[in-house]
Amino acid sequence: MTAFDPWDPYRDLRFASTREHPEHGTCFIAEGRILVEDLLAAARAGRMRVISVAATTTAAAEIRDRLPPGTDLLTAEPAALSELAGFPFHRGLMACAQVPSPPPAAALLAVRRLLVLPRLYDSENLGLLLRSAAALGLDGVLAGPGPGLWSRRTVRVSMGAVWRIPVWRVEDPWGPLADWKASDPASEIIAAALAPGAEDARSWRPAPRCALVMGPEDTGLDEGQLARCDRAVAIPMASGMDSLNVAAAGAILMFQMGGGCDIP
């Protein structure tokens, strides 16, 4: 059997999704000082498992004392890291970490403020929505098919939100969403949609227990999906624009949802 090369997870990263490690299973790559330091802090707190850190010789000296027990430190010159990654790499640090177990399905029922993404196509939008959900005080995300949660781009754009907020990934989120609503009659499912009769988002007051459903980038929510929601809210457009990017619209609406949460 060929021995495992600890540098292998860092090879050809430009279009990388997750990687398979012979001992730790499915792993992901985090890039950049801020992201890697946050990941290491989560690992020291016992919330994540960081397998290795790849660093330039300069960055290695600064990060060595922050490594949790059992994490390997791999060092190389910047040119060698760029050649390994397959693109000019200037961030100084990368880390390979084990993809954590998904949150228990039953824990979804306890969520008060929920973002629901039945379908997305773009990893940057997914990362931005996860980042906004975590930053604006939501309790979790229920996601259907779409880009990988632990792909290099999603992880980077989310700025670590992917390991900070519970994400339930299912093939069809409407069943779990129905169970979530049935667990508390006061729950409300809100569609973000420029649909006839949609409430102006400026006057929208979310229920204490609320799920916000955002549609895919190309078509938004269809009529069947809108019918599964209690009501719709829309952000008024000006200057002849017909809509906002899904991540921008989600941030605006989640800011209002987070008003009932404790944000320091």
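Points worth noting:
- Note on the chain: GNM, Cα springs under 10 Å; of Pro78, Pro196, Pro173, the largest mean-square fluctuation is that of Pro196.
- Highest-first arrangement of 64-75, 160-171, where packing means the average Cβ count within 10 Å: 160-171, 64-75
- Taking Cα centre as origin and charging only the Cβ of basic (Lys, Arg, +1) and acidic (Asp, Glu, -1) residues, the dipole magnitude of the chain rounds to 560 debye.
- Inverse of mean 1/r across different Cα pairs in the range 105-260, Kirkwood, Å: 15.4 Å
- Angle of helix 123-135 to the longest C-alpha principal axis of the chain, folded into 0 to 90 degrees and rounded to 10: 80°.
- GNM result for the chain, Cα springs below 10 Å: residue of Leu114, Leu149, Leu244 fluctuating most strongly: Leu244
- A Förster radius of 30 Å, combined with the Cβ-Cβ distance separating Asn245 from Ala186, puts the computed FRET efficiency at roughly 0.45.
- If the segment from Ala61 to Ala45 were pulled out straight at 0.36 nm per residue, it would be longer than the present Cα-Cα gap by 3.6 nm.
- Peptides 215-223, 178-186, 234-242 ordered by average Cβ neighbours within 10 Å, highest first: 215-223, 178-186, 234-242
- Rounded to the nearest 10 degrees, the angle from helix 33-44 to the longest Cα principal axis of the chain is 90 degrees.
Taken together, the values in this text are just the output of simple stated rules run on the coordinates, not laboratory data. These numbers come from a predicted model, not from an experiment. Neighbour counts are summed over all protein chains in view; Cβ atoms, including those assigned to glycine, are modelled from backbone coordinates with ideal geometry.
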